[in-house]
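First up is the structure itself, then whatever we jot down about it.
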Amino acid sequence: MHVSTATKGLHRLTTILLLIIVAGYFSYEYFMKSRSDDRLVMKKEILENVTLYVTQYGGGATVPDIYRYYLDDKNQTIEQLRKSEPFLVSDNGSATISGYGNTVNVKLSGRIYSFSNLTMFYAQENLIIPVINLTATGVR
């Protein structure tokens, strides 16, 4: 009888812990992927047909600002950027970005939340796939 009561209590505790973990995961995903409050802070032509866009999400009092870096053609709006995936998400909005040929070089100091060295888009009906090199210096 005591074993049955202990098993039920352990089952309830495990269920509650799993619910907390799942809710925390979905909350994290929602806030990290939410782009409705993003504002465009920089637009810069890097290469011919390749433009850098940087958006900022102000996290609030206890959460740092999040900067999302996009590469696309020069005719994008903030609404179109919100629907696409950034190649870099960081807490630093002042990365040094330059280009030469088909290569985009990124130098950044700070935290990197996500990075992808593969991005592609169409510019004037041509598929553009720039090579992205990242040099990062971490902070504590």
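The values are calculated or read from the model by the stated rules, or taken from the named source; none is laboratory data. Everything numeric here is computed off the predicted structure, so don't read it as measured data. Please note: Cβ atoms are built from the backbone with ideal geometry, for glycine as well, and neighbour counts cover all protein chains shown. Each accessible area value is taken on the protein alone, full model and side chains, heavy atoms only, with ligands, DNA and RNA left out. Shrake-Rupley method; radii C 1.70, N 1.55, O 1.52, S 1.80 Å.
Of the residues that sit in segment 63-78 and are part of a strand (DSSP E or B) and not acidic (Asp, Glu), which one is nearest to the chain's Cα centre (by Cα)?
68
If a residue must be more than 15 Å from the chain's Cα centre (by Cα) and open to solvent by 20 Å² or more (accessible area, probe 1.4 Å), how many such residues does segment 48-62 contain?
5
Can you find even one residue in segment 75-98 that is closer than 28 Å to residue 140 by Cβ and basic (Lys, Arg)?
There is no residue in segment 75-98 that is closer than 28 Å to residue 140 by Cβ and basic (Lys, Arg).
Pick from segment 121-139 the residues that are under 16 Å from residue 51 (Cβ atoms), open to solvent by less than 60 Å² (accessible area, probe 1.4 Å) and of a type in the set (A, V, I, L, M, F, W, C): which of them is modelled with the lowest pLDDT?
123
Looking only at segment 108-120, filter to residues that are surrounded by fewer than 14 Cβ atoms within 10 Å (Cβ to Cβ) and out of contact with any Asp or Glu (no Cβ under 8 Å at 6 or more places or on another chain); which one of those is farthest from residue 135 (Cα to Cα)?
120
Does residue 87 count as open to solvent by 40 Å² or more (accessible area, probe 1.4 Å), over 15 Å from residue 45 (Cα atoms), under 17 Å from the mean Cα position of the chain (by Cα) and touching a residue at least 24 places away in the same chain (Cβ under 8 Å)?
no
Residues in segment 1-53 that are on the phi > 0 side of the Ramachandran plot and either in a helix (DSSP H, G or I) or at pLDDT 90 or above (or both): how many?
The total comes to 0.
Of the conditions (1) at pLDDT 90 or above; (2) outside any loop (DSSP other than H, G, I, E, B); (3) buried (at least 16 other Cβ atoms within 10 Å of the Cβ); (4) not charged (D, E, K, R), residue 81 satisfies every one except a single condition; which number is it?
Status for residue 81: all satisfied but (1).
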